[in-house]
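Presented below is the structure to which this report refers.
Nothing in this text is a laboratory measurement; each read-out follows from the coordinates by a stated rule. Remember, predicted model here, so these are calculated numbers, not experimental data. Cβ: placed from backbone, ideal geometry, glycine included. Neighbour counts: every protein chain shown.
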Amino acid sequence: MTKTTLTRFCLLASACALLSAAPVAGWSQDRAPAAPEPSQPVVQKKAETVQLRPVSDFDAIEDETERSIAIFEETGKVLLHPRCVNCHPAGNVPLQTMAMTPHQPPVVRGDANFGVPGLMCNTCHGPENVKVVGQTEDILSIPGNPNWHLAPIEMAWQGRSLGEICEQIKDTDRNGGKTLAELIEHMAEDDLVGWGWNPGEGREPVPGTQEAFGDLYKAWAATGAHCPAP
Amino acid sequence: MVSFTLNGEERRFDGDPETPLLWVIRDAERLTGTKYGCGIAQCGACTVHVDGMTRRSCITPIADLEGSSVTTIEAVSGREAEAVQTAWTAIDVPQCGYCQSGQIMSAVSLLQMNPAPSDADIDAAMAGNICRCATYQRIRQAIHDAASSLEG
Ligand code: FES
Ligand code: FES
């Protein structure tokens, strides 16, 4: 008998021994008693909701320029949040997660900030967030919005300071040609901006509400739209 | 009830509107050429065309498809699809084949929009289609071959 056949024979023999020894009731079990619980998607713990301070909180600052800057700095809680910066990357690859890691699968920007032929953004991102049920522990939904796309490269925020971003979003060459009024409306009303507060299951939303964020922008504009030092 | 076109035929689906398109295609329609790999838009095995664009069917709720036209590997047609099929068989691209219907749907879409893709164009277009057998070199070659056959 060769070594392999011998091993196989022994395995069979021990299996038979086990079989005859096993109590019949044991066979009604689906899983071995020692097996861990079947895997289920974990319920992620809710990130603590960070609020935005209301405009009135800044009334005490007498100097208007300083007040304007302080209000803008408050909006920075949103602007610098990964949920916003992930789609304003400095390169040609969108980012994802709170750790701002490169998008997986490795998609690229493309001519229209909407991916490339064969792999456009809407290959995966539909008009709304889609819940993913029971597939994995860490991807609980695929984000979506009717206007899903990457911010153009001139609107890149990744790696910039709040002061730099402030100058950038006022600069019509780098903000899509928006007047200050249009910029404020964009912040307060735009649906894709609003996605940040409704990013789908498994993703931490940006602080506050879009309404509170919009109010801060209106107050910032009304106080002269001053920027923090870069 | 969702009404849509599947491979040119009117279809209806009256199950849970959140059912992923992949499940409708495979389980309800019994078209098993489209594969399940990950269920989370990470592998590309489930790629179909929706209104002419690539779409990962595993994360597309059927409710989104009201009035849309879906094409699967079973029915993809036209010049580009023929060129891809010829190029694929000529050099035997598939190994186990599991990922290939997704690869082909992406490749056809790429060629429809870019008839002469560079290596970089191909890599970017195919980046979301994973092949466990690593047939990437042959996939890229076959796409170039299909592109040159379309030139004539
Ligand atoms: S099964 Fe849809 S991308 Fe993997
Ligand atoms: S051919 Fe086997 S996974 Fe691609």
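Brief remarks follow.
- Of all stretches in chain B that contain no GluC sites (Glu not before Pro) in a DSSP loop with at most 13 other Cβ atoms within 10 Å, the longest one is B:67-152.
- Of A:PHE58, A:PHE213, the sequence from fewest to most neighbouring Cβ atoms within 10 angstrom is A:PHE58, A:PHE213.
- C-alpha long axis of helix B:79-90 to longest principal axis of chain B, angle in °: 60
- Other residues with beta-carbon under 9 Å from the beta-carbon of B:TYR98 carry, at +1 per Lys or Arg and -1 per Asp or Glu, a net charge of +2.
- Contact order, relative form, for chain B: 25 percent (alpha carbon pairs under 8 Å, 6 or more residues apart, mean separation divided by residue count).
- Each of A:GLU167, A:GLU74 has some number of other Cβ atoms within 10 Å of its Cβ, and from fewest to most they run A:GLU167, A:GLU74.
- In degrees, nearest ten, helix B:136-151 long axis to first principal axis of chain B (Cα): 80
- Shielding value for A:125-136 is 4, the average number of Cβ atoms from other chains within 10 Å of each residue's Cβ.
- Dividing the C-alpha radius of gyration of chain B by 2.2 N^0.38 Å, with N its residue count, gives 1.02.
- C-alpha long axis of helix B:100-113 to longest principal axis of chain B, angle in °: 70
- For trypsin sites (Lys or Arg not before Pro), the sites in the range B:2-99 that DSSP calls loop and that have at most 12 other Cβ atoms within 10 Å are B:ARG30.
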